[in-house]
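The values are calculated or read from the model by the stated rules, or taken from the named source; none is laboratory data. Note that the structure is predicted; figures quoted are calculated from it, not measured. Note: ideal-geometry Cβ built from the backbone for every residue, glycine included; neighbour counts use all protein chains shown. We work out accessible area using only protein heavy atoms, side chains counted, and drop any ligands, DNA or RNA first. Shrake-Rupley method; radii C 1.70, N 1.55, O 1.52, S 1.80 Å.
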Amino acid sequence: MVQRTLSARALRRYSRHLLIPEVGLHGQQRLAASRVLVIGAGGLGSPSLQYLAAAGVGTIGIVDDDAVDETNLQRQTIFGTEDVGVSKAIAAAARLHGLNPLIEVVPHALRFEPANARALVRDYDVVLDCTDRFPTRYCINDACFFEGKPDVYGSIFRFDGQVSVFLAGRGPCYRCLFPEPPPAELTPTCAEGGVLGAIAGIVGTWQANEALKLLLEIGDPLTGRLMLVDCLQARTREVSFGADPACRLCGQRPDIGGVEPFAELPNQDRFVEIEPEQLDEALRDATLLDVREPHEAVLGSVEGALAMPVSELEARMSELDTARRYVVACRLGVQSRWAMRRLRDAGFERLAHLNGGLLAYAAQREGFDIF
């Protein structure tokens, strides 16, 4: 890695790093010449980006195709109220420029996907996976493997977090740890299942720390180790795992030759879909089956809806009438897919699914709010 000469201003700014023997002037020059790509400027990306910028990483890329929403502000500390509605990549870049004008920040306001994955990863030295969806995590892992880039992985849910580092050719990859993605309804995102804001700060900061260690070539990275954080019990533990000989990507007989397209929904998951703007019309001859849990339903409801939490669906299915038409909905349209499958398996045929859930329905109706 080419080192970069530091100005007198930079030497003063990073003086506390220069006092650390493992960093010093040589290490700070390495950081100034380094390039880090952070994919996802949300709960994990917020602390990661800010600490990488403050540390003096010379070039930081930000990939995110989303816009700031007010519900993000509880944990995504890189944004302020004035950023609501603004592209996350653009708003985060502006924040980092204010935090450290000595670095370069490159916003990529686009979706990270198979078509652009390798090209984006190729331009950087280290990649941070700050996303919350399995297809994107596999895409990041595979792109990093083929481009020979370290993948610093983090994930959070409610009070728990995970951190690991996947080094292409020097340890197990993400597919070794998670060979297949679990069903979507069993792996809710933060928007679907909730998250304590502070755990995002803990895990995202740890990801930044792992990235800095890799750039400085110091310490022991979390390769072949999965760190588990339980902030409710104030405990951390570590699980060791090795390369899987049967891994489709890095195993003895790999069958993945490139970054694969995102998998389509299997045929059995294809339902009659109702768009949010069509719901009112659909309910003229149908009943809305609201499968949100009670703690979600207290935030708002639709008049005339039949409330049947997904956790009670199996036990209460006899209360439903196979001759009636139901539009099945949850908050975001994930758990309701599981409910649709169970109802269809039980013989219910007059079903439709609310695409995007009740949150999408509320968003297009003035004066109506369901979170």
Discussion item. Amide H of H108 versus every other amide H placed in the peptide plane: which residues, excluding those fewer than 5 positions away on the same chain, fall under 5 Å?
Written reply: I62, V63, D64
Discussion item. Taking θ = phi - 60°, what integer Hz values does the Karplus form 6.51 cos²θ - 1.76 cosθ + 1.60 yield along the stretch 304-315, in sequence order, with x for Gly and Pro?
Written reply: x, 6, 9, 8, 8, x, 4, 5, 10, 4, 4, 6
Discussion item. Give me, ordered by chain and number, the residues 5 or more places off L288 or on other chains with an amide H under 5 Å from its own placed amide H.
Written reply: L306, V327
Fill in: Within the accessible area of the stretch 221-358 (1.4 Å probe), percent carbon and sulfur
47 percent
Worksheet, complete the sentence: Percent antiparallel among DSSP beta bridges confined to the stretch 199-334, rounded to 5, stands at 50 percent
Discussion item. Taking loop as defined by DSSP and a crowding limit of 15 other beta carbons within 10 Å, which GluC sites (Glu not before Pro) in the stretch 189-256 fit?
Written reply: E217
Discussion item. Quick check: net charge around D321, other residues with Cβ under 13 Å of its Cβ, Lys/Arg +1 and Asp/Glu -1?
Written reply: +2
Worksheet item: With a sphere of radius 13 Å drawn around the Cβ of L18, what net charge do the other residues whose Cβ falls strictly inside it have (Lys, Arg +1; Asp, Glu -1)?
Response: +3
Worksheet item: Along the charge dipole of the stretch 256-349, Cβ charges K/R +1 and D/E -1, which of F271, W338, T287 sits furthest on the positive end?
Response: W338
Worksheet entry | Separation in nanometres of the label points that stand 7 Å from Cα toward Cβ, at R324 and A307 | 1.6 nm
Worksheet item: For the pair D280 and A119, what calculated FRET efficiency results from E = 1/(1 + (r/R0)^6), where r is the Cβ-Cβ distance and R0 = 41 Å, to the nearest 0.05?
Response: 0.40
Worksheet item: Highest mean first, what order results for 277-283, 222-228 on Cβ atoms within 10 Å?
Response: 222-228, 277-283
Discussion item. If each residue of separation counts as 0.36 nm, what is the full-extension length gain between T236 and Q252 once their alpha-carbon separation is subtracted?
Written reply: 2.5 nm
Worksheet item: Per residue, how much accessible area does the chain show when a 1.4 Å probe rolls over the protein heavy atoms, in square angstrom?
Response: 48 Å²
Fill in: Share of carbon and sulfur in the accessible heavy-atom surface of the stretch 1-111 [1.4 Å probe, %]
52 percent
Worksheet item: Over the stretch 236-348, what is the mean sequence separation of C-alpha contacts under 8 Å (at least six apart), divided by residue count, expressed as relative contact order in percent?
Response: 22 percent
Discussion item. Among DSSP bridges having both ends in the chain, what percentage is antiparallel? Round to the nearest 5.
Written reply: 40 percent
Discussion item. Sequence gap at least 6, Cα distance under 8 Å: using those rules, report the relative contact order of the chain to the nearest whole percent.
Written reply: 13 percent
Fill in: Rounded to 10°, Cα long-axis angle of helix 88-99 versus longest principal axis of the chain
30 degrees
Worksheet item: Using +1 on the beta carbon of Lys and Arg, -1 on that of Asp and Glu, and nothing else charged, what's the dipole of the chain about the Cα centre, debye to 20?
Response: 1520 debye
Discussion item. If you filter the stretch 1-110 for GluC sites (Glu not before Pro), then keep DSSP loop positions with at most 15 other Cβ within 10 Å, what is left?
Written reply: E22
Worksheet item: Taking the mean number of other Cβ atoms within 10 Å as a proxy for protection, how do you rank 351-357, 175-181, 119-125 from highest to lowest?
Response: 351-357, 119-125, 175-181
Worksheet item: Hey, of [x] 1.02; [y] 0.94; [z] 1.19, which did the structure itself give for Rg/Rh (Cα atoms, Kirkwood Rh) when calculated?
Response: [x]
Fill in: Calculated from backbone phi, Karplus (6.51, -1.76, 1.60) coupling profile of the stretch 354-365 in Hz, x at Gly/Pro
7, 5, x, x, 5, 5, 5, 5, 5, 5, 9, 10
Worksheet item: Any idea what angle helix 134-147 forms with the longest principal axis of the chain, computed on alpha-carbon atoms, 0 to 90 degrees, nearest 10?
Response: 30 degrees
